[in-house]
1. Under a Cβ-only charge scheme (Lys and Arg +1, Asp and Glu -1), can you give me the dipole magnitude of region 140-188 about the Cα centre, in debye to the nearest 20?
2. Could you work out the per residue convex hull volume over the alpha carbons of region 137-178, in cubic angstrom?
3. Restricting to the chain, what percent of DSSP beta bridges are antiparallel, rounded to 5?
4. Arranged from highest to lowest average of other beta-carbon atoms within 10 Å per residue, in what order do the peptides 165-172, 152-159 appear?
5. When averaged across all projection directions, what area in nm² does the alpha-carbon convex hull of region 47-141 cover?
6. Could you please rank 140, 186, placing first whichever residue has the fewest other Cβ atoms within 10 Å of its Cβ?
7. Say each of residue 31 and residue 62 gets a label point 7 Å from the Cα, pointing the same way as Cα to Cβ; how far apart are those two points in nm?
8. Divide by every residue of the chain the summed helix terms, -39500 (n - 2.57) for each DSSP H run of at least 4, and state the resulting mean residue ellipticity at 222 nm, rounded to the nearest 500 deg cm²/dmol.
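FYI, it's all coordinate maths here, none of it is from the lab. What you see is a predicted model, and the numbers here were worked out from it, not measured in a lab. Heads up, the Cβs are rebuilt from the backbone with ideal geometry, glycines too, and the neighbour counts pull from every protein chain shown.
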Amino acid sequence: MEDSWEKLKADCEACHACALCEGRSNMVFGVGRQDAEILFIGEGPGEQEDLQGEPFVGPAGKLLDTMLTLIGLDRSKVYIANVVKCRPPRNRDPREEERAACMPLLVRQVELINPRIIVCLGRIAAQSLLDPDFRITRQHGQWFQFRGINTMATYHPSALLRDPDKRPEAFMDLRLLRKEIRAVCHSTELYDDRI
Ligand code: URA
């Protein structure tokens, strides 16, 4: 049977594939345009995201919004999701088995969106989508393929909050992203020639 957003969301709400569901206030599905050409993928919900049921609404989310603005984007033009849809306790990294349990749901979400570009926010997303040995410090800003989709990783906004010295590198990644958007995206609302 063909997949649908309704079916995927219901499956996520009902999911007990790993123990993270036991501690969640809300399953954090994702937010944005269902036909977005650009998909951002973070690691997993934090405290605010768990309470509000939306990704990147805490301090890291504020910085993500600024990063989007720098290249003429905002939440209404993209889609934002996470590798795991339930909050890991005390914001620890999601474990390998938790990521593996959630990945089929994320893959279905990627297939429904069918984006032209994916941006992994941080090491966990890059290791989950691209390569378990992905080194964010060495490989950020490079283009790879995830299921035939152009995919790059940049620093997670939380890492940029902890270590502002990394921000110039992240800015260079955003410029490369901007270039790729111009090359492969069709939607005119993604272009702002002043940027
Ligand atoms: N960090 C993430 O990786 N995802 C969120 O949704 C919030 C913070």
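1. Values: 8 positive and 5 negative charges, 32 e Å.
Using Cβ point charges on Lys, Arg, Asp and Glu, region 140-188 gives about 160 debye.
2. Values: hull volume 2.9 nm³, N = 42.
Here the figure is 68 Å³ per residue.
3. 30
4. Details: 165-172: 14.0, 152-159: 23.1.
Listed from highest to lowest mean packing, they are 152-159, 165-172.
5. Details: hull surface 27.0 nm².
Seen from a random direction, the Cα hull of region 47-141 projects 6.8 nm² on average.
6. On the way: 140 22, 186 7.
Ranked by crowding around the Cβ, least crowded first: 186, 140.
7. Simple spin-label model gives 1.5 nm for this pair.
8. Values: 8 runs with 80 residues, N = 195.
Result for the chain: -12000 deg cm²/dmol, rounded to the nearest 500.
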